[in-house]
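Participant: Sharing a structure with you now.
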There are 4 protein chains.
Amino acid sequence: MIVVMRAGCSQDEIHGVVKRIEELGLKGHISQGIEHTVIGVLGQPLPELRDRLELLPGVEEVFAVSKPYKLASREFHPLNTVVTVNDLAIGGDEVVIMAGPCAVESEEQLLTTAHAVKAAGANILRGGAFKPSTSPYHFRGLGEEGLRLLAKAREETAMPVITEVMTPTDVELVASYADILQIGARNMQNFTLLDEVGKTKKPVMLKRGLSSTIQEWLLAAEYILAQGNEQVILCERGIRTFETYTRNTMDISAIPIIKKLSHLPIIADPSHATGKWYLVSPLALAALAAGADGLMIEVHPNPDLALKDGAQSLTFDNFQRLTSQLTLLVEATGRRLAVSGAKVRA
Amino acid sequence: MIVVMRAGCSQDEIHGVVKRIEELGLKGHISQGIEHTVIGVLGQPLPELRDRLELLPGVEEVFAVSKPYKLASREFHPLNTVVTVNDLAIGGDEVVIMAGPCAVESEEQLLTTAHAVKAAGANILRGGAFKPSTSPYHFRGLGEEGLRLLAKAREETAMPVITEVMTPTDVELVASYADILQIGARNMQNFTLLDEVGKTKKPVMLKRGLSSTIQEWLLAAEYILAQGNEQVILCERGIRTFETYTRNTMDISAIPIIKKLSHLPIIADPSHATGKWYLVSPLALAALAAGADGLMIEVHPNPDLALKDGAQSLTFDNFQRLTSQLTLLVEATGRRLAVSGAKVRA
Amino acid sequence: MIVVMRAGCSQDEIHGVVKRIEELGLKGHISQGIEHTVIGVLGQPLPELRDRLELLPGVEEVFAVSKPYKLASREFHPLNTVVTVNDLAIGGDEVVIMAGPCAVESEEQLLTTAHAVKAAGANILRGGAFKPSTSPYHFRGLGEEGLRLLAKAREETAMPVITEVMTPTDVELVASYADILQIGARNMQNFTLLDEVGKTKKPVMLKRGLSSTIQEWLLAAEYILAQGNEQVILCERGIRTFETYTRNTMDISAIPIIKKLSHLPIIADPSHATGKWYLVSPLALAALAAGADGLMIEVHPNPDLALKDGAQSLTFDNFQRLTSQLTLLVEATGRRLAVSGAKVRA
Amino acid sequence: MIVVMRAGCSQDEIHGVVKRIEELGLKGHISQGIEHTVIGVLGQPLPELRDRLELLPGVEEVFAVSKPYKLASREFHPLNTVVTVNDLAIGGDEVVIMAGPCAVESEEQLLTTAHAVKAAGANILRGGAFKPSTSPYHFRGLGEEGLRLLAKAREETAMPVITEVMTPTDVELVASYADILQIGARNMQNFTLLDEVGKTKKPVMLKRGLSSTIQEWLLAAEYILAQGNEQVILCERGIRTFETYTRNTMDISAIPIIKKLSHLPIIADPSHATGKWYLVSPLALAALAAGADGLMIEVHPNPDLALKDGAQSLTFDNFQRLTSQLTLLVEATGRRLAVSGAKVRA
């Protein structure tokens, strides 16, 4: 912490701040500038230290120097974390593709889609059994029946399965079916839920909150890591801005920023970020060009009949076209798409 | 719903849309404009109807005409809802003041504050026992011990108590102590939690999410109302914008907007909205001038020693000064401050 | 400036930074923390210093300590600036009301409105002769003819006139008619225009840009002040956020913040901030409760026939009702409304 | 326009709206829904029509159906506009690279940079002679001397030159030196300036404003087009959001959106969008992957000595590395980089 004193503050005020710093078991170090006196705080930073110092007489502003997250920081963990799911490695040299319907609607819808996305090159099957919905009157998912269908699709296609868990008491149930637990954007700061998934041994994909800063997002990951679960994957899915043409604004710069600040893998979800199917492919390509470790893409056999988020879902044909483009682009950047799990197993 | 067709779309496309509308059990009504054909959809709107129609060939855009919330809407419930807590009426002619520390820290801290805010005119005691915290390493509240202290403070001061519940499994516990359940901004779209508090008989104060639109906020209220709990109070506490001088930007216009769109009472929380104690009083006055039904204010005996949010807490003196100003302002607008519960009881 | 070095940076990197600081004629002062070394920069801050230091090897972050605006800052100018226009004082104990149509449309429209707003208590007449318009196909104002009508209305009502100037070459012309020059939100960073109005002797009202921070706004004021024109009035008129119910989001907290950081008067414009006439009165009351020095309100004889911004204009009746409410509220806060110029003169 | 009437409005209110529509020379077409009556407005939309109808008794909301821009719209101009500058085509099959220093600082700085970026594959030289600056005390450019140096660099390297014009009275001067006129983000709604560059015969690159929607941006382009200048290039350079890690948030989705809505070419400027040199390359790659017609990149011989925006400038080495990566990526997407003008000429 660095305490900047007000221009023209008194010696008593300066000493008052130093005294408080020392009472808290820390050390204060005074630098006299031309306009402002600055006091550096040495020692382990305490929670709420900033607020406590900012209120003292004569203080103008307090800056935090250390990053508030430790386990998520590349500073203390320089090498990339690679999360493994069966034979897939997320965060290594290969790019993974998660694809599937927004919501699991029926056995037929899920299985057809699972086979189609696998054939097109997807590695992991996505599908929501518990769905957050802005309105209480809309479809909220099939619940455990949806989980059973996901397990069936996994059996048929040998693709691991990722699905959302929305509330702490469902963690055990969802973890008993899923290969990767997904925390949705609206739950990024559902701290009890973060604690709970942190206690499992399952990989967790943590979506960025709609109005979450990069730092808050890494602190949310820190909650999971602090519980002993090191298998955390981040997912950029758009932030809320003034622009209304898209559902959200995809913050592509978050990808290289996360790569710089953290060792955790990062996935991009252009379906939720844009809300419009015809923007999914260009943004998917952009995310990989910017260095994302993978993609999550919504695919539906009949988007215009989907029970959830049809407008942002690709048809099978469009998804196939996208994976062809991705292959070329990823190779041009010196990486390659992961080979679909099943092929390896077969 | 209104479907706007693309300029120059074909007759087949127009008929395709009408056919789909009819397949869904609704009726389509064509108007031919100069540039665009427009199709009105008649009948009960279905979930995801917008997405489903927007994807049909020839469609340019789809507008929703009806409001998606019903129980929260003034359209179907013209008279103000008044939530009663003991002898206090929230949403009527009187203005209520909720005050107390951000977090319950100790018996002494809570009781001193409770007596002080009551003496200054507060009607309801606030204090967090379960605290959301951006970092896993910061103070997260005293838990049930905090609830017990709140109950003790209520006994001593006869003020009803409002406190936050953060997760569905805590609802029963918190409801057994609290007079009003608070849903925090980060949990505004924690739908399982909304369902759960909707099943209690306790009044619920629902804070607006950091990046929540007015419509999403009313839909979150709709979740609670749809479970049969009609005692919902809304609370504006600032939204996230590009401005960083304040913790959030208080959206004062939300107050008259809610009054127009909904029958539910609305409270303002200038402490969280601004994050700076010296902005709390001007914003508290502004919120009441704009028509808020009450205020929630953080007060602490020693803000510079607070375990949580000291920078935005008022001292006892500052809170006393604020309630004096409030009294004059509220009277000038033809209302009056509620008389503190205890005085009535005595 | 304070330079925070990366954890684990080398001694060479630290000395490199100090050396560069000294080459620039400044002094560097090293503090060794537990995780980070911090270097304070002493001496007059140079433009772009932050960028220049941030790029040196081993540097993590650079914080600015001094405020970048000087003439606009209360730090160096503790007493309130009071701008006088004829017998009106803006920024003193009295609250001023500027009112009139968005755009000057015709002699009849302007004169009727001028008389009506004066009768209701307005002190200054507003009206646009040069109008910014998002679309090139919409009404862009009557130009000099509009200025002549404003002069005529001033003659008839003895109210001073405020009107917008949009481009540097119009400054002389507009200044020859207007009593206060208005810089619109879109031109807040039209630096050539700021220079130009800074060279006149006329008071200037500077609206906050749609996405301007408080600091950028004060720096824009600094442009005008730096040219020798000390008669600057600020005007909060809403910022752009994700909320679309209102045209903009009025940042009421800007009012007490400006009062704290600067000595310049601040006016609130709830008409542009909300874009909806029924929100103008509650927000006008809120702005005064928060300490604004005055209001700017759009009034039109027939809002539903207005050539510009009818949706946010008050009718004469609604404006009259508002000024009655304002009088009571302002008195409750220990101030009073300015008496209309004409009455004083008579 | 579509007028949605309030639920339960009267027949008189409906007829009042239709009557007003007819008085304005348009036709109204009534559709009776279950909750709401909807009135379609047929005929050429008038400016301010929305405001005028929204104020009539019984009206709930008014939607605009037609797009407010015509000349910029792909609807009325399906084929891509290709802007030609000497032998370069912007908006065709080839990708162009504009590069150079933020500001022209000296002959040596500009010429060295010009030769370096050309050698690395740049096609167009950028460099500011007139610089917008948030603070009046910072470097504001060399003015005409800067323009002369740009002309000299063009002579030496045969690269066309792009440079910013900030105020209407400078348009003639700047146009006499520059090959492309640049309108900066802060001037996107400087309507007098837009008119003025619209009257020249020079290509104009229009940067998106910090808080400009896609629609407002296209309307700003419409100003230029409406003056008869069809040579308009758009440039995405980041929007203002709540995230403060980057200078702005680059809205990559704007690229495919512009391609869909408009026929105008679009360039991406990752230097201003991110404000950090180490984010420039990933975002440059992302922008091209998403379909941008070109890039604008800041390059400086010694970023840590730059007078302007050093933190976001690439060194010569980093720029060289970037163009190698770009070449591979662009080829993978089936396009190619334009060959530098000089080579063609030689």
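Participant: Normalised by the empirical 2.2 N^0.38 Å for globular proteins, what value does the Cα Rg of region A:218-278 take?
Facilitator: Against the compact-globule rule of thumb, the ratio is 1.27.
Participant: Which of the trypsin sites (Lys or Arg not before Pro) across region D:167-228 are loop residues per DSSP, with 16 or fewer other Cβ within 10 Å?
Facilitator: Filter output for region D:167-228: D:199, D:201.
Participant: Can I ask one more? Could you tell me what percent of the DSSP beta bridges with both partners in chain D are antiparallel, to the nearest 5? Please report the intermediate quantities before stating the final value.
Facilitator: Working: 18 of 46 bridges.
DSSP beta bridges in chain D are roughly 40 percent antiparallel.
Participant: Now a separate question. Taking the Cα centre of the protein assembly as shown as origin and charging only Cβ (+1 Lys, Arg; -1 Asp, Glu), how large is the dipole, in debye to the nearest 20?
Facilitator: Dipole magnitude for the protein assembly as shown comes out near 0 debye.
Participant: Here's a follow-up. On C-alpha positions alone, give me the angle between the axis of helix A:214-226 and the longest principal axis of chain A, in degrees, nearest 10.
Facilitator: The angle comes out near 80 degrees.
Participant: Rounded to a whole number, what is D in µm²/s for region B:208-346 from Stokes-Einstein with the Kirkwood radius over alpha-carbon pairs (10 °C, 1.306 mPa s)?
Facilitator: In µm²/s, the coefficient rounds to 99.
Participant: Quick one: of the DSSP bridges fully inside the protein assembly as shown, what percent are antiparallel, nearest 5?
Facilitator: Details: 74 of 186 bridges.
That works out to approximately 40 percent antiparallel.
Participant: Convex hull over the alpha-carbon atoms of region D:56-125: what's its volume per residue in Å³?
Facilitator: On the way: hull volume 13.3 nm³, N = 70.
It comes to 189 Å³ per residue, whole-number rounded.
Participant: Follow-up. Using the alpha carbons of the protein assembly as shown, what is the convex hull volume per residue in cubic angstrom, as a whole number? It would help to have the intermediate numbers written out before the result.
Facilitator: Numbers: hull volume 222.0 nm³, N = 1384.
Value for the protein assembly as shown: 160 Å³ per residue.
Participant: Counting each DSSP H run of 4 or more residues in chain D as -39500 (n - 2.57), what helix-only mean residue ellipticity at 222 nm follows after dividing by all residues, to the nearest 500 deg cm²/dmol?
Facilitator: -10500 deg cm²/dmol
Participant: Rounded to two decimal places and with Rh computed the Kirkwood way over Cα pairs, what is Rg over Rh for chain C?
Facilitator: Here the Rg-to-Rh quotient is 1.08.
Participant: Sequence neighbours fewer than 8 away in the same chain don't count; with that in mind, list the lysines whose C-alpha is under 22 Å from residue B:199.
Facilitator: Leaving aside lysines fewer than 8 places away in the same chain, those within reach of residue B:199 are A:131, B:70, B:207.
Participant: Additional query: In percent, what relative contact order does chain B have, based on Cα pairs under 8 Å that are 6 or more apart in sequence?
Facilitator: 17 percent.
Participant: A follow-up question, please. Starting from the eigenvalues of the Cα gyration tensor, five times each then square-rooted, give me the equivalent ellipsoid semi-axes of region A:143-197, largest first, whole Å.
Facilitator: Details: eigenvalues 98, 21, 15 Å².
Here the semi-axes work out to 22, 10, 9 Å.
Participant: Further question: Using Cβ contacts closer than 10 Å as the measure, can you line up B:9, A:102 from fewest to most?
Facilitator: Ascending number of Cβ neighbours within 10 Å: B:9, A:102.
Participant: Got a sec to turn the phi values of region D:41-54 into Karplus ³J(HN,Hα) couplings, 6.51 cos²θ - 1.76 cosθ + 1.60 with θ = phi - 60°, whole Hz, x for Gly and Pro?
Facilitator: 9, 10, x, 5, x, 9, x, 6, 4, 4, 4, 5, 7, 4
Participant: Which angle between 0 and 90 degrees, to the nearest 10, do you get for helix A:316-332 versus the longest principal axis of chain A when only C-alpha atoms count?
Facilitator: 50 degrees
Participant: Taking chain A as the reference, fit the longest principal axis to its C-alpha atoms, fit the long axis of helix A:277-289 to the helix C-alpha atoms, and give the angle between the two in degrees, 0 to 90, nearest 10.
Facilitator: Result, in degrees: 60.
Participant: Tell me, how many Å apart are the Cα centres for region C:152-210 and for region D:208-242?
Facilitator: Here the answer is 26 Å between Cα centres.
Participant: Would you order A:118, B:152, C:202 from fewest to most other beta-carbon atoms within 10 Å of each residue's own beta-carbon?
Facilitator: B:152, C:202, A:118
Participant: Still on this model: Taking other Cβ within 10 Å of each residue's Cβ, how do C:137, D:223 sort, fewest first?
Facilitator: C:137, D:223
Participant: Would you tally the net charge around residue C:67, using a Cβ to Cβ cut-off of less than 15 Å, leaving residue C:67 out, and scoring K and R as +1, D and E as -1?
Facilitator: Net of charged neighbours comes to -1.
Participant: Per 5 Å bin from zero, what fraction in whole % of the C-alpha pairs of region C:140-293 is there, up to the bin with the longest pair?
Facilitator: Here the calculated profile for region C:140-293 is 2, 10, 18, 20, 20, 17, 11, 3, 0.
Participant: So, one more: Find which of D:25, D:57, D:37 sits farthest along the positive direction of the dipole of region D:18-97, computed with +1 on the beta-carbon of Lys and Arg, -1 on that of Asp and Glu, about the Cα centre.
Facilitator: Selected residue: D:25.
Participant: Report the charge-dipole magnitude of chain A in Debye, nearest 20, computed about the Cα centre from +1 at each Lys and Arg Cβ and -1 at each Asp and Glu Cβ.
Facilitator: Dipole size: approximately 460 debye.
Participant: Give me the Kirkwood hydrodynamic radius of region B:1-148 in Å, from all C-alpha pairs, to one decimal place?
Facilitator: Details: mean 1/r = 0.0483 Å⁻¹.
By the Kirkwood definition, the hydrodynamic radius is 20.7 Å.
Participant: If amide H atoms are built 1.01 Å from N in the plane of the peptide, which residues on other chains or at least 5 residues away come under 5 Å of the amide H of residue C:233?
Facilitator: HN-HN under 5 Å from residue C:233: C:204, C:205, C:206.
Participant: While we're on this one: Quick one: grab Rg to one decimal and Dmax as a whole number for region D:1-74, Cα atoms only, in Å.
Facilitator: 12.5, 41
Participant: For region B:272-319, count all C-alpha to C-alpha pairs, find those more than 16 Å apart, and express that count as a whole percent of the total.
Facilitator: Beyond 16 Å sits 36 percent of the P(r) for region B:272-319.
Participant: Here is a follow-up. Starting from the Cα gyration tensor of region A:148-237, multiply each eigenvalue by 5, take the square root, and state the resulting semi-axes largest first in whole Å.
Facilitator: Here the semi-axes work out to 23, 13, 11 Å.
Every read-out reported here was derived from the displayed coordinates using simple, explicitly stated rules and does not represent laboratory data. Just so we're clear, the structure is a prediction, and the values are computed from it rather than from any experiment. With ideal geometry, Cβ positions are generated from the backbone for all residues, glycine too; neighbour counts draw on all protein chains shown.
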